[in-house]
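Asker: Just passing along the structure, written as structure tokens.
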Amino acid sequence: MTIVRRTLAALAAPALALGIVACGGEEEPVKTTPAQEEEPAQDEPLEEDKDEDSEEENEDASQEDGSGEGPGGEDSGEEGSDAAQGEPTVIGSEWIEDDWELTEVDQDLCDFSIADSPFSDNPDVFSCGATADSAVACVLDVDQMVQCVESADSKKAIFFESSAVAGGAKPEDEAEPTPIRLELTDGTSCSPAAHAGMETHDGKAAWYGCEDGSELLADIEEGISSTVNTSSDVWTVERIVDGGDPETTAVRSAFFAEPPAD
């Protein structure tokens with residue numbers, strides 16, 4: 001009997017201990033790993049969006065290489081703007097030289113009229129006669145002889161004896177001089193025309209004739225002085241070729257009548 005009790009006591013002791021632990025101890029919270037948040041799935045771009053993105057990329061690329069619109073791919077502007085983008089116009093002087101064709105005139109053209117030459121700012125240079133006489137820039141030489149530029153681009157000059165010049169003073173003109181010869185950017189030479197002042201296009205007249213047959217226009221009311229636009233470093237003219245519409249053309253060189261100093 002004693003042996004049985006001891007055996008039961010020995011078996012009951014571990015069970016009692018387990019019960020105490022179960023009742024008196026606190027359970028530790030179970031640690032759980034939070035589930036990884038799933039990123040929302042991105043919608044596939046629509047076909048229209050893809051097309052728009054492709055067009056934007058093409059536009060960016062075309063602007064970079066200058067093939068599209070914008071500063072790199074635009075036309076350079078109107079003809080007037082194009083003409084004014086070249087080298088500045090060179091100013092020079094022109095006068096009769098040994099290789100010019102010199103023709104004697106048997107009348108005193110200055111007896112008809114005498115005035116300051118519009119093609120020089122030199123007070124010793126004057127013009128004589130009617131427009132058709134083409135004595136556009138003259139000087140008094142020795143023995144009452146007068147020499148005049150007739151056509152600067154053709155290298156033609158005239159001379160005659162003039163008592164009118166030798167004995168009288170000429171009026172002074174304070175207006176800005178006009179070039180006696182123009183050389184355009186294509187190498188064409190132009191000079192004042194004898195038929196100047198006849199209307200040819202929308203109230204403008206051809207005041208300069210060029211060696212290739214083209215003409216340079218100026219306003220009829222303002223006259224020959226309005227032929228050349230000198231508002232920028234690159235001078236320009238309105239040129240008619242073969243009876244077409246006026247084209248803005250740059251002037252490479254402009255020459256004024258200026259005899260050599262004594």
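Asker: Working only within segment 231-258, note down all residues that are in contact with a Ser or Thr (Cβ under 8 Å, 6 or more places away or on another chain) and either at pLDDT below 90 or assigned to a loop (DSSP other than H, G, I, E, B) (or both).
Answerer: 233, 234, 235, 241, 242, 258
Asker: Among the numbered criteria (1) outside any helix (DSSP H, G or I); (2) over 25 Å from residue 238 (Cβ atoms); (3) modelled with pLDDT under 95, which one does residue 176 miss?
Answerer: (2)
Asker: Follow-up question, since we're still on this one. Just give me the residues in segment 118-145 being surrounded by 23 or more Cβ atoms within 10 Å (Cβ to Cβ), closer than 11 Å to residue 259 by Cβ and of a type in the set (S, T, N, Q), in sequence order.
Answerer: Passing the criteria: only 120.
Asker: Same structure again: Can you name every residue in segment 190-206 that is at pLDDT 90 or above and of a type in the set (D, E, K, R)?
Answerer: Once the filter is applied, which keeps residues that are at pLDDT 90 or above and of a type in the set (D, E, K, R), segment 190-206 yields nothing.
Asker: Given the condition touching a helix residue (DSSP H, G or I) at 6+ places or on another chain (Cβ under 9 Å) and either in a loop (DSSP other than H, G, I, E, B) or of a type in the set (S, T, N, Q) (or both), answer yes or no: does some residue in segment 87-106 qualify?
Answerer: yes
Asker: A further question on this structure: Quick test of your reading of the structure: residue 143 fulfils all but one of (1) on the phi < 0 side of the Ramachandran plot; (2) outside any helix (DSSP H, G or I); (3) modelled with pLDDT under 85. Name the failing condition by number.
Answerer: (1)
Asker: Let me ask another. Which one of these is modelled with pLDDT of 90 or more, farther than 20 Å from residue 87 by Cα and loosely packed, with under 13 Cβ neighbours inside 10 Å: 187, 209, 167, 213?
Answerer: Among 187, 209, 167, 213, only 213 is modelled with pLDDT of 90 or more, farther than 20 Å from residue 87 by Cα and loosely packed, with under 13 Cβ neighbours inside 10 Å.
The values are calculated or read from the model by the stated rules, or taken from the named source; none is laboratory data. Keep in mind it's a predicted model, so treat the numbers as computed, not measured. A quick note on method: Cβ atoms are made from the backbone with ideal geometry, for glycine too, and the neighbour counts reach across all protein chains shown.
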